[in-house]
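To keep things clear, I will list the structure first and then write my remarks on it.
The values are calculated or read from the model by the stated rules, or taken from the named source; none is laboratory data. Remember, predicted model here, so these are calculated numbers, not experimental data. Don't worry about glycine lacking a Cβ; one is built from the backbone with ideal geometry, like all the others, and counts go over all protein chains shown. For the accessible areas, the whole protein counts, side chains as well, though only heavy atoms, and no ligand, DNA or RNA atoms are used. Shrake-Rupley method; radii C 1.70, N 1.55, O 1.52, S 1.80 Å.
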Amino acid sequence: MFGYRVPAPDEAMLISGGRRGLGGAPFRVVTGHGKFVLPVFRKTRFLTLAMCESEVTETCVTRQGIALNVRAVIAFKVGNDTESIINAGQRFLSDQEQMSVLTGRIFAGHLRAIIGSMTVEEIVTERQKLAAEVLDTSKTEMAKIGLIVDSLQIQSIDDGDTGYIDAMSAPHKAAIQRQAQIAQAQATQASTEAEQAAARNQAEYARQTAIVKAEYSAEVDRAQAQAAQAGPLAQAHAQQEVLAAQTELAQRQAKLRQQQLVSEVVRPAEAEAERVRILAAAEAQRMKIQAEAAASYDRVALDRMLIDQLPQIVKEAAGGLAGANVNVLNGADGLGEIAAGLVSQGLTILDSVRQNLGGQEATEGRRPGPEESKGAGLLQLHSGKDKKGDDGPVDLD
């Protein structure tokens with residue numbers, strides 16, 4: 001559009017004419033956007049903000065008095081702030097190529113100053129320190145002209161024909177060569193050991209392979225032998241199972257036969273023995289009952305005999321009263337009492353006879369027959385009468 005100007009992303013647009021810029025600058029600075037500029041009344045110029053490069057090759061003398069050829073590269077640019085753009089625009093806007101020339105000269109002077117305070121050893125071994133010191137000393141000066149340094153690289157340091165750096169590096173070279181030789185020897189030894197280890201591993205692998213093959217062959221042989229023996233072994237196993245089954249069957253048959261014998265012989269014999277025992281016990285019980293019945297019958301017969309003899313006993317006892325002088329005080333009642341006393345005496349004699357018979361049976365261990373008991377009773381009765389000696393008077397009281 002007519003009158004509308006836009007700077008590039010790496011440029012600053014400087015507009016002169018009209019109002020002054022910041023801090024009394026003779027132009028206004030526009031970056032990052034466009035602006036209307038009145039033709040004829042305003043003038044527009046552009047200042048680059050892109051990265052620039054400057055190369056420095058300078059001969060510097062160290063603190064030891066040794067001249068060194070130093071080559072360095074500086075990367076710089078105009079600062080992004082308005083103040084830096086104004087400073088750089090006032091100095092380099094008409095000839096922007098002068099920024100590289102001026103920057104090289106500035107850094108060449110700082111390089112000579114810094115290298116003059118250092119030894120060759122420090123410069124060679126501490127290049128980064130050298131670059132940092134050069135940057136620090138040049139920062140303020142570069143800021144005054146609106147430039148900032150992004151990096152400083154020391155590319156080469158050469159002492160020419162003096163040979164100082166070579167002499168300084170000789171021990172290191174010898175050490176490095178020695179270390180290289182040692183490393184080479186160690187590498188050779190390691191290689192030899194590796195080859196030997198590889199040979200051992202290969203031999204071990206071959207041995208293990210042979211062992212595995214032998215084991216596989218042995219397993220195949222065993223499998224074939226087992227396969228060949230499988231038939232006979234199976235047959236023998238089957239016969240063994242048949243024998244075991246037959247043995248078990250025979251044992252079961254023997255057990256069954258034993259049970260049959262017990263059922264057919266032992267149990268009937270035991271039953272018969274039990275039956276005989278029961279019969280014998282019954283017979284003994286029967287004989288005991290018969291004996292007790294016989295003994296009871298003998299006592300009953302004896303009692304009956306004594307009862308039958310009782311009148312005779314009473315008569316004999318009464319006969320003892322014959323001729324006796326008996327005074328009856330109460331008449332007929334007194335006679336009745338005398339008769340009752342005689343009967344009572346006869347019963348007492350009967351009980352005595354029973355007790356004597358019972359004692360004799362216990363002593364002799366047998367029971368007397370009815371005839372023996374009868375004769376014995378009569379004998380005792382008569383013997384009792386004879387002991388009195390006479391037929392004297394009897395006190396009936």
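Structural remarks
- Test result for Ala25, open to solvent by less than 80 Å² (accessible area, probe 1.4 Å) and without any contact (Cβ under 8 Å) to a residue 40 or more places away in the chain: no
- The combined condition, being aliphatic (A, V, I, L, M), over 30 Å from Ile66 (Cα atoms) and part of a helix (DSSP H, G or I), is not fulfilled by Ala170.
- Total residues in segment 72-93, condition aliphatic (A, V, I, L, M) and touching an Asp or Glu at 6+ places or on another chain (Cβ under 9 Å): 4
- The residues of segment 155-167 that are at pLDDT 85 or above and either touching a Leu at 6+ places or on another chain (Cβ under 6 Å) or assigned to a helix (DSSP H, G or I) (or both) amount to a single one, Ile157.
- Among the residues of this structure, Gly89 does not count as one that is under 30 Å from Val6 (Cα atoms), open to solvent by less than 40 Å² (accessible area, probe 1.4 Å), at pLDDT below 85 and touching a strand residue (DSSP E or B) at 6+ places or on another chain (Cβ under 8 Å).
- When the residues of segment 56-70 are filtered to those that are open to solvent by less than 20 Å² (accessible area, probe 1.4 Å) and within 12 Å of Ile154 (Cβ to Cβ), the one that is nearest to the chain's Cα centre (by Cα) is Val70.
- Flag not set for Arg45, criterion: open to solvent by 30 Å² or more (accessible area, probe 1.4 Å), at pLDDT 85 or above, assigned to a loop (DSSP other than H, G, I, E, B) and of a type outside the set (S, T, N, Q).
- Remark: Phe107 matches the filter, which requires a residue to be among the aromatic types (Phe, Trp, Tyr), within 15 Å of Ile154 (Cβ to Cβ), surrounded by 12 or more Cβ atoms within 10 Å (Cβ to Cβ) and over 60 Å from the mean Cα position of the chain (by Cα).
- The condition (being open to solvent by less than 70 Å² (accessible area, probe 1.4 Å), more than 28 Å from Leu47 (Cβ to Cβ) and either hydroxyl-bearing (Ser, Thr, Tyr) or out of contact with any Gly (no Cβ under 6 Å at 6 or more places or on another chain) (or both)) is satisfied by just one residue among Val134, Val73, Val101, Val120: Val120.
- Screening Ile148 with (1) aliphatic (A, V, I, L, M); (2) assigned to a strand (DSSP E or B); (3) open to solvent by 100 Å² or more (accessible area, probe 1.4 Å) gives one miss only, at (3).
- For the criterion of being open to solvent by 50 Å² or more (accessible area, probe 1.4 Å), small (Gly, Ala, Ser) and out of contact with any Cys (no Cβ under 8 Å at 6 or more places or on another chain), Gly3 fails.
- Evaluating Gln208 against the criteria (1) of a type outside the set (A, V, I, L, M); (2) at pLDDT 85 or above; (3) over 52 Å from the mean Cα position of the chain (by Cα) leaves one unmet condition, (3).
- Checked across segment 78-100, the condition of being assigned to a strand (DSSP E or B), out of contact with any Lys or Arg (no Cβ under 7 Å at 6 or more places or on another chain) and within 19 Å of Glu11 (Cβ to Cβ) holds for at least one residue.
- Every residue from segment 101-121 that is among the polar types (S, T, N, Q) and not in a helix (DSSP H, G or I): Ser117, Thr119
- Filter result for Glu133 (more than 60 Å from the chain's Cα centre (by Cα) and not aliphatic (A, V, I, L, M)): yes
- Taking the listed residues Pro232, Pro171, the one that is under 30 Å from Arg112 (Cβ atoms) and of a type outside the set (Lys, Arg) is Pro171, with no other qualifying.
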